[in-house]
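Notes follow the structure.
FYI, it's all coordinate maths here, none of it is from the lab. None of the values given here were measured: they were computed from a predicted structure. All Cβ positions, even for glycine, are placed from backbone atoms using ideal geometry, and neighbour counts span all protein chains on display.
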Amino acid sequence: MKIAIGCDPNAQTAKKEIIKLIEKKCLGDVKDFGSTDPIYSNVAIDVAEAVARGNFDKGILICGTGIGVSIAANKVKGAYAALISDIYSAKRARLSNDANIACLGAFTIGSKLREELVEAFLTNEFEPGCASQPKIDAFRKYDLER
């Protein structure tokens, strides 16, 4: 799996921890899209565009709360970013919503939970044809038509 990751300057430590986790657990190949731009929207859009184009299978974005990068990433057609802060939501982001980008907070989530969230997000997959399929189809149709 190819994973794009980026963050704002406040989340550099969290990003490094996540990259180490992904490498240690062999969850995929990671490309770091940076963390020095104080305008978090720039890195969020870069990651979201790379995922939406299909250059990467999944994306991970981190800022202070995860909210800003989530909003920015979701402006990109084909990017489906989910703000995750608990294990159930991390799993459901994939299983029920087919999210392709996980957004996390560096200031709102401890490092251990952040690692568990990333692992849950990356190891669960959407099941085509499941009960959530009509919901996914509806927002993807809207996304394509806008």
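Structure shown: which of Lys24/Lys91; Lys20/Lys75; Lys25/Lys141; Lys24/Lys135; Lys2/Lys75; Lys112/Lys141 lie over 31 Å apart, alpha-carbon to alpha-carbon? Each step should come with its number before you reach the end.
Values: Lys24/Lys91 20 Å; Lys20/Lys75 29 Å; Lys25/Lys141 35 Å; Lys24/Lys135 35 Å; Lys2/Lys75 22 Å; Lys112/Lys141 37 Å.
Exceeds cut-off: Lys25/Lys141; Lys24/Lys135; Lys112/Lys141.
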From the coordinates shown, P(r) over Cα pairs in 5 Å bins from 0, in percent corresponds to which of (1) 2, 12, 21, 25, 22, 11, 6, 2, 0; (2) 1, 9, 16, 15, 15, 15, 13, 9, 5, 2, 1, 0; (3) 2, 9, 20, 23, 23, 15, 7, 1, 0: (1)
Footprinting exposure proxy for Ser132, Ser35 (fewest neighbouring C-beta atoms within 10 Å first): Ser132, Ser35
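Got a sec? How would Ile87, Ile60, Ile39 order by Cβ neighbour count within 10 Å, fewest to most? Don't skip to the answer; put the middle values down first.
Working: Ile87 14, Ile60 31, Ile39 11.
Fewest-to-most ranking of Ile87, Ile60, Ile39: Ile39, Ile87, Ile60.
Counting other beta carbons within 10 Å of each residue's own, what order do Leu21, Leu61, Leu122 fall into, fewest first?
Numbers: Leu21 18, Leu61 33, Leu122 21.
So the residues, fewest neighbours to most, are Leu21, Leu122, Leu61.
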Inter-site label distance for Ile39 and Glu127 at 7 Å from Cα along Cβ, in nm: 4.4
